[in-house]
Amino acid sequence: MKSKVWLSSPHLGGSELKYIKEAFDANWVAPLGPNVDGFERDLEKFLNEDVKVAALSAGTAALHLALIECNVGHGDEVICQSMTFSASANPIVYLGAVPVFIDSEKDTWNMCPEALQEAIEDRISKGKKPKAIIVVHLYGMPAKMDEILSIAAKYDIPLIEDAAESLGSTYKGKACGTFGRFGILSFNGNKIITTSGGGALVCHSQADKDKTVFLSTQARDKAPHYQHSEIGYNYRMSNISAGIGRGQMEVLHERVEGRRGVHSFYAELCKNFEGVELFSEPNSDFYSNHWLSVITIDETKTSKNYEDLRLAFLKDDIESRPIWKPMHLQPIFKDAPYYGGKVAEELFGNSLCLPSGSNLSDEDKERIAKVMIDVFSNKKEYSVLS
Ligand SMILES: *Cc1c(COP(=O)(O)O)cnc(C)c1O
């Protein structure tokens, strides 16, 4: 029987169990220990910038703490890219703040600098200067960082990078997640590397890292008894999860190469289909880990839409998925302010995420190619009436 082809499944390297065994042998079965320290060091080295990394229980937790450390509180406004996973926006609401959503631009599908500038000006004119900006490097594609950083600097608003999908991506040679005041990473099971579930906050000073660790371990003041002057959270990564992370860090470069190889496979395949375009870097400033490979389908040329392809894949037990539905179109955020046009909305209407794991076999790729050739080569349905 054929096995299911997943969109993006965990791809273990081999030494994860070694680190977990060390943790068991030394009885470090807790949200601290040598694997947590080691995983943080590995990430700092990989990001190759002068950063300090705090390992946490989830990317969402990292974003929550980043917003707290940017002093976001009740009634504040925070700017957020609209086309993203809801976890980019939810922590804004955890804090009683209001998200202000921004459209995408067509080159990287990430935050549109013009719409960002317009939003900041308009919010300031309404008497409310945004407290932070959350930019996302969607599907691994770096956002237009020069433009966005310069706008953030011009208005003196801290930038938080949601790099949950972009570990291993770079913009002008610099790692995604290291540009902003904070960067967040995710190691959920579907990401480029996993700790089964986990995240990290990328900081630029030891003081910010110390504050993050303090808040993530229940905010205990220095005292022999339990004393608290601030509200804390239980957000630290466990030493067992971090053991998986250390094993995964040994193969991260290979995983990036693997995903980029899958993207190249789709690039070759898509040359055969008119009206099917693979989402790719606009120029060599942008280096994507291609966490997910995504195509846009021109229905006027193919007479097919993404749902036709998704259902054809499903028949052969191949998983694919529509792209993130923009946040400003989500029922829960329907009243949130929004700036921009219909770029994100239109991309959502004609794009599909394809199986992208670094563990896709040649046989999996053959199955995928066969379905796509079936769907796109037979462009016009023959009508029995004509
Ligand atoms: C996965 C993801 C997150 C959340 O990370 P978790 O570790 O699952 O909490 C946040 N933002 C984006 C864009 C993501 O893809």
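The values are calculated or read from the model by the stated rules, or taken from the named source; none is laboratory data. These figures come from a predicted structure and were not determined experimentally. Glycine gets a Cβ as well: all are built from the backbone with ideal geometry, and neighbour counts include every protein chain shown. All accessible areas refer to the heavy atoms of the entire protein, side chains included, with ligands and DNA or RNA removed. Shrake-Rupley method; radii C 1.70, N 1.55, O 1.52, S 1.80 Å.
Tabulated results
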quantity: Residue within the stretch 252-273 that is within 16 Å of the ligand (Cβ to nearest atom) and farther than 30 Å from Asp42 by Cα present; calculated: no
quantity: Leading residue by the ranking (surrounded by the most Cβ atoms within 10 Å (Cβ to Cβ)) among those in the stretch 71-99 that are under 15 Å from Met327 (Cβ atoms) and among the small types (Gly, Ala, Ser); calculated: Ser82
quantity: Residue list for the stretch 292-331, filter: outside any helix (DSSP H, G or I) and of a type in the set (A, V, I, L, M, F, W, C); calculated: Leu292, Val294, Ile295, Ile297, Ile318, Ile323, Trp324
quantity: Every pair of residues 6+ apart whose Cβ atoms lie under 9 Å, when the first sits in the stretch 141-168 and is under 19 Å from Lys106 (Cβ atoms) while the second is among the hydroxyl-bearing types (Ser, Thr, Tyr) and more than 16 Å from the ligand (Cβ to nearest atom); calculated: Met141/Ser280; Pro142/Thr170; Pro142/Tyr171; Pro142/Tyr287; Ala143/Tyr171; Lys144/Tyr171; Met145/Tyr171; Asp146/Tyr171
quantity: Scope the stretch 157-214; condition within 14 Å of the ligand (Cβ to nearest atom) and among the acidic types (Asp, Glu); matching residues; calculated: Glu161, Asp162, Glu165
quantity: Condition broken by Asn283, with the remaining ones in (1) open to solvent by 60 Å² or more (accessible area, probe 1.4 Å); (2) part of a loop (DSSP other than H, G, I, E, B); (3) in contact (Cβ under 8 Å) with a residue 24 or more places away in the chain satisfied; calculated: (3)
quantity: Where Lys21 falls short, out of the listed (1) open to solvent by 20 Å² or more (accessible area, probe 1.4 Å); (2) under 23 Å from the mean Cα position of the chain (by Cα); calculated: (2)
quantity: Flag if Ala62 is crowded, with 19+ Cβ neighbours inside 10 Å, over 23 Å from Ala344 (Cα atoms) and within 13 Å of the ligand (Cβ to nearest atom); calculated: yes
quantity: Neighbours by Cβ (under 6 Å, 6+ apart or cross-chain): first from the stretch 198-216, not assigned by TED's automatic domain parsing to the domain that holds His64 and at pLDDT below 95; second of a type in the set (Val, Ile, Thr) and not in a helix (DSSP H, G or I); calculated: none
quantity: Residue satisfying condition, being assigned to a helix (DSSP H, G or I) and either surrounded by 14 or more Cβ atoms within 10 Å (Cβ to Cβ) or free of Cβ contacts under 8 Å to residues at least 40 places away in the same chain (or both), within set Ile192, Ile244, Ile231; calculated: Ile244
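A quick yes/no check of all residues on (1) in contact with a helix residue (DSSP H, G or I) (Cβ under 9 Å, 6 or more places away or on another chain); (2) surrounded by 24 or more Cβ atoms within 10 Å (Cβ to Cβ); (3) part of a loop (DSSP other than H, G, I, E, B); (4) charged (D, E, K, R):
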residue	(1), (2), (3), (4)
Phe101	yes, yes, no, no
Asp107	no, no, yes, yes
Lys129	yes, no, yes, yes
Ile134	yes, yes, no, no
